[in-house]
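What follows draws every value from the coordinates through simple rules; no lab data is involved. Keep in mind it's a predicted model, so treat the numbers as computed, not measured. Virtual Cβ from ideal backbone geometry, glycine too; neighbours counted across all protein chains shown.
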Amino acid sequence: MGPLGTGLTVLAQWREQTDHLLQSDLLRVVFQWFVHGYSGS
């Protein structure tokens, strides 16, 4: 596999992990706090 194929594989795995993390309550709370922190003040 060339660099492009490897990159796509890594990206797919990273996306899978990110989707999994986004389903966790902790990250959702942190994300909401982060968004409110910027839009609030």
Close pairs from the stretch 6-24: first on the phi < 0 side of the Ramachandran plot and free of Cβ contacts under 8 Å to residues at least 40 places away in the same chain, partner surrounded by 10 or more Cβ atoms within 10 Å (Cβ to Cβ) and assigned to a helix (DSSP H, G or I), Cβ under 9 Å, at least 6 apart:
21/27; 22/28; 22/31
Scanning the stretch 1-22 residue by residue, those aliphatic (A, V, I, L, M) and under 8 Å from the mean Cα position of the chain (by Cα) turn out to be 21, 22
